[in-house]
1. Suppose we keep only residues that are hydroxyl-bearing (S, T, Y) and in contact with a strand residue (DSSP E or B) (Cβ under 7 Å, 6 or more places away or on another chain) within the stretch 335-373. Which one would you say is nearest to E276 (Cα to Cα)?
2. Could you tell me whether E340 is open to solvent by 30 Å² or more (accessible area, probe 1.4 Å) and in a strand (DSSP E or B)?
3. Do you know which residues across the stretch 43-68 are assigned to a loop (DSSP other than H, G, I, E, B) and either among the basic types (K, R) or surrounded by fewer than 14 Cβ atoms within 10 Å (Cβ to Cβ) (or both)?
4. Can you list residue pairs whose Cβ atoms sit under 9 Å apart, with the first residue in the stretch 85-97 being touching a residue at least 12 places away in the same chain (Cβ under 8 Å) and the second being in a helix (DSSP H, G or I) and of a type in the set (G, A, S)? Count only pairs 6 or more apart in sequence or on different chains.
5. Which of the numbered conditions does W307 fail, given that it passes all the others? Conditions: (1) surrounded by 18 or more Cβ atoms within 10 Å (Cβ to Cβ); (2) within 27 Å of N221 (Cα to Cα).
6. Just a yes or no: is a residue in the stretch 152-161 among the basic types (K, R) and in a strand (DSSP E or B)?
7. If you take the residues of the stretch 212-264 that are within 15 Å of the chain's Cα centre (by Cα) and not in a strand (DSSP E or B), which of them is nearest to W54 (Cα to Cα)?
Amino acid sequence: MSTQLHANLTEEQVREISGRLDEPEWLLQQRLDALDALSELDMPDVIRTPGRNWTNLYDLDFESLVDPLNAAEEKDQVGPDEVEVMSIAEALDSHEELVREHFGSVIDPQENYLTALQTALFSTGTVVVVPDGVDAEDITVRTRMNSRSLFNYTLVVTGKSSSATILERQTTGDEVEGERYYSGLVEIAAGENSNVQYGSLQNLDETSYDYTLKRGHADVNATINWIEGNVGSRLTKSSVETRLLGEGSETHIVGAFFGHNDQHFDVASRVWHEAEHTTADLVTRGVLDDHARSVYEGVQDVGRDAWNTSSYQRENTLMLSDESEADASPKLIINNHDTEASHAASVGQVDELDLFYMTSRGVSPRTARNMLVEGFFVPVLEEIAVEEFRDDLSGLVAARLRE
């Protein structure tokens, strides 16, 4: 099923967005090509479990959600002196060839309807360039959406034997009448023997629809580690992915979500092993309360040439109410016999025996439940090497439990 182009999006608007950023002709053409392709593209694949499609993106009213020319935000992007952390406009001015080389090289702009919409309309972005041999800590990108819609693009390029730790946060600011739409694409090109840690914490308000796709390409002996926390939004469609292209490359994907009210989370972790001696570890934990719903997909795809592969996956969802719903779809695709791999997923409720034990010793039922939820997230928090991110996520969990 293809998606019909909504009437309030025109070539003139796309040209105006490009002109505001003083973009070169090649990037404007990328936008126009994506605009032309919209009417032929499908929505991104949604996660299906036996007998059920959990997420229906076709019913989203883009006519009212997307306001192309009225993007407003507050963005704070900082990093150490030896690293360049730039807006997309600054990067095009000083590193045009590098941006041209990498833009759309990890995520095809026309991969689906929402990536093409993002490519046509993005008005804000961050480019991080880490030179060879540089160790860069404390790179921070904070985005506060103050408009009905916002399209955000991030590109990270790391040089040989470098490292970078990047923390990204998305929140909403000024009140806007009606619903909102946030879209974010992240491309990481990790050079040989480099190490990238990318943490993303999404806490948009619950009138928002959120679509994010984060994907990295890891070169020889490179490591890409992702941390993703989803607490906000009404509907989140998020995928975190790594292609292990170089021999000896690694990835670690850690995910956490906490839903309440009628929030809906459609989250995925995916890794493609495409070279020898590659390693992946996927860990996700989620909690649901009230009428919240979640569906998770984890994919470990081992290619024919991926000799001596190690790939592991674990996902657990804890439901706090009888009205919440959750399912999981872990997948192993093995095309090479020299592989050590496993996957596991579970969905369950708070253990009544644990609750009884705690309440029988004077702990109130609510406090006991909250302590069990915080304990449930501990295995994920212990996987997070960045203390600031760990503290931020645990703080949001604690705040949710106090509501």
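The values are calculated or read from the model by the stated rules, or taken from the named source; none is laboratory data. Remember, it's a predicted structure, so these values are computed and weren't measured experimentally. Ideal geometry is used to build each Cβ from the backbone, glycine not excepted, and the neighbour counts take in all protein chains shown. Side chains are part of the model used for accessible areas, which takes the heavy atoms of the whole protein and leaves out ligands, DNA and RNA. Shrake-Rupley method; radii C 1.70, N 1.55, O 1.52, S 1.80 Å.
1. T339
2. yes
3. Across the stretch 43-68, the qualifying residues are D45, P50, G51, N56, D61.
4. So the pair list comes out as M86/S94.
5. (1)
6. No, because not a single residue in the stretch 152-161 is among the basic types (K, R) and in a strand (DSSP E or B).
7. Filtering first and then ranking leaves S233.
Residue by residue, here is whether (1) within 21 Å of L396 (Cα to Cα); (2) not β-branched (V, I, T) holds:
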residue	(1), (2)
T279	no, no
D290	yes, yes
G298	no, yes
G303	no, yes
S311	no, yes
L320	yes, yes
S324	yes, yes
T339	no, no
L355	no, yes
